[in-house]
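The values are calculated or read from the model by the stated rules, or taken from the named source; none is laboratory data. This structure is a prediction, so every number in the text was calculated from the model and none was measured. Cβ atoms come from the backbone with ideal geometry, glycine included; neighbour counts cover every protein chain shown. Note: accessible area is taken over every heavy atom of the protein model, side chains too, but ligands, DNA and RNA are not part of it. Shrake-Rupley method; radii C 1.70, N 1.55, O 1.52, S 1.80 Å.
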Amino acid sequence: MDRPNVEDMKRIVDRLPQTESERRIVRHLVIRDPNCGVRDEWVTPEMIFCRHLESVVLSGVPDTSDKTIVHLARENSNIQGLDLTGCKYVTDVSIMEVIAKAPPLQWLQLSGVALTDASVSAIAKTFSKLVELELNDQPLVTAVSVRDIWSYSRKLRTLMLARSPQLTDSALPSPIKTFTGPLSEEKPLPARPYTWLDQLPPLILRHTAIDLRVLDLSYCPKLTDTAVEGIVTHAPLLRSLALAGCPNLTDNAVKSICKLGLHIGNLNLAHCPRITDHAIVSLARSCTELRSVDLAFCRQLTDMAVFELASLEHIHRLVFVRVPKLTDNAIYFLADHTPSLERLHLSYCDRITLKSLHHIMRSCKRLVHLTATGVPGARRTGVGRFSDPPPESLEPDQKTVFRVFSGPNVAALCGFLDKEKLRRQQSESQNIPFVARSDDSMDLY
């Protein structure tokens, strides 16, 4: 009989320990698959028996309760990381117990857990060794606790605060170094009544977040250009910055991002409708190491923005979903100047034709993903059979126009269009009306 592999027993994935030996040896318990059948009532006793856990992931157990987390905090003195993403029944009660009993954690993922300012502030002030902190989907968290994160969590490399609608500019570092207060005692009549959150002074920090590399503030609709200026001033070495869904951002915010220079590699500015070509030109010329840029729903952009981004040597992903002013000229330019391109999203760009899509598939040999949903030319006969199947959640009319080509289907579609181009040339040479085919036949009739 083969002896059990100790290394395999140290990490258990999508199941619970089954023997006493596994309970003694296991160090990493990872349950991410919600279909694995593990329930909270079965996890709770394991938190008592498995006393040497170093990391626990329970995102696949959505009914995880406070009781389970309390047992984990009390019985495991070696815990270093905890992932409770989507565990909506976990509250401040158990998180406060983790803060009180657990050793300093290195990573903590609590997206979707309904937290308040009290617990977030306690996390920032207690876990000084935090490297990764994910707090997405926090409707109750305000600037008060997020200011503590910037003040106390100085070793963070990843900070995610997406979809936190209460966050304002005062939650983020101020671009100014000193606060002199108001210049005049007379104040203009405010447009709306002030709250105590509006009266928070600027967050002036004496240190910089030199370790911070990834920051996600997507869909925090109250943020303005001032917030972005403060972020860049305080975290000058950011590699990835997500600001999608911040409608108040203008070209001035992009101007601040330009100061990141060669450090920034991934930038998401989707759903920022006030950004124009002028900002993207400056961005492409200042941040030449950009690899991924998302400008979906930036409706003011034109071909000029694409021309500038095409000059980036390492760009491999571009998103221009529903940018209505783009034309074939932009796609031809991309095809001829961006050999590194791997992923291109052009859904609902109505002015783009199938001819330009064919050209970019032939020219960009690394292209492995092309999104052309809603592009009129992609509805041509025979093209749909190369598309990935549409998600079941889509409406019937959305399924009809769904066109996403990935992997070998990109090359297959390119081959099909090559064949159709040859058929057209043969038809024209023989004065025969061209009729599009949906199969791979070369017959002209």
- Note on the structure: Per the C-alpha gyration tensor (a ≥ b ≥ c, the square roots of its eigenvalues), region 115-181 is rounded if a/c is under 1.5, else prolate if a/b beats b/c, else oblate; here it's oblate
- Once Lys and Arg get +1 and Asp and Glu get -1 on their Cβ, which of Ser282, Leu16, Thr142 lies farthest toward the positive end of the dipole of the chain? Ser282
- Please name whichever of Leu301, Pro103, Ile331 sits farthest to the positive end of the charge dipole of the chain, dipole taken about the Cα centre and charges placed at Cβ: Lys and Arg +1, Asp and Glu -1. Ile331
- Note on the structure: Here the net charge surrounding His71, from other residues whose Cβ is less than 13 Å away from its Cβ (Lys, Arg +1; Asp, Glu -1), is -2
- Query: Using only helices, what value at 222 nm comes out for the chain when you add -39,500 (n - 2.57) per DSSP H run of length 4 or more and divide by the total residues, to the nearest 500 deg cm²/dmol?
  - Reply: -9500 deg cm²/dmol
- Query: Over region 320-445, what percent of the accessible surface lies on carbon and sulfur atoms, probe 1.4 Å?
  - Reply: 52
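Could you size up the charge dipole of region 345-388 around its Cα centre, putting +1 on the beta carbon of Lys and Arg and -1 on that of Asp and Glu, and report it in debye to the nearest 20?
Using Cβ point charges on Lys, Arg, Asp and Glu, region 345-388 gives about 200 debye.
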- Query: Calculated from the structure, Cα Rg over 2.2 N^0.38 Å equals which of (i) 1.45; (ii) 1.76; (iii) 1.18?
  - Reply: (iii)
- Tally the DSSP beta bridges in region 311-445 and give the antiparallel ones as a percent, rounded to 5. 35
- Query: For region 6-116, what is the accessible area per residue in Å², given a 1.4 Å probe and the full set of protein chains?
  - Reply: 46
- Message: I want to verify a result. In a Gaussian network model of the chain, Cα cutoff 10 Å, which of these has the top mean-square fluctuation: Pro339, Pro408, Pro104?
- Response: Pro408
- Task: Could you state how much accessible area Asp294 has, in square angstrom rounded to the nearest 10, with a 1.4 Å probe and all protein chains kept in place?
- Result: 20
- So how do Arg206, Arg32 rank on accessible area, 1.4 Å probe, biggest first, that is with the largest at the start? Arg206, Arg32
- Item | Residue among Cys414, Cys272, Cys220 with the largest mean-square fluctuation in a Gaussian network model of the chain, springs linking Cα atoms under 10 Å | Cys414
- Note on the structure: Pairs over 27 Å Cα to Cα, from Lys88/Lys399; Lys325/Lys355; Lys125/Lys259; Lys101/Lys129; Lys222/Lys259; Lys88/Lys222, come to Lys88/Lys399; Lys125/Lys259
- Item | From phi via Karplus (6.51, -1.76, 1.60), per-residue ³J(HN,Hα) for region 54-65 in Hz, x at Gly/Pro | 10, 8, 9, 10, 10, 5, x, 10, x, 8, 3, 10
- If you put +1 on each Lys and Arg Cβ and -1 on each Asp and Glu Cβ, how big is the dipole of region 38-117 around its Cα centre, in Debye rounded to 20? 120
- Message: I'd like the distance between the alpha-carbon centres of region 195-270 and region 379-445, rounded to an integer number of Å.
- Response: 43
- Query: Counting Lys +1, Arg +1, Asp -1, Glu -1, what net charge surrounds Ala270 among other residues with beta carbon under 15 Å of its beta carbon?
  - Reply: +4
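Summing Lys, Arg as +1 and Asp, Glu as -1, what charge do residues with Cβ under 9 Å from the Cβ of Thr158 carry, Thr158 excluded?
-1
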- Separation between Cα centres of region 61-119 and region 298-343, rounded to whole Å: 43
- If you place +1 on the Cβ of every Lys and Arg, -1 on the Cβ of every Asp and Glu, and leave all else neutral, what size is the dipole of the chain about its Cα centre, to the nearest 20 Debye? 700
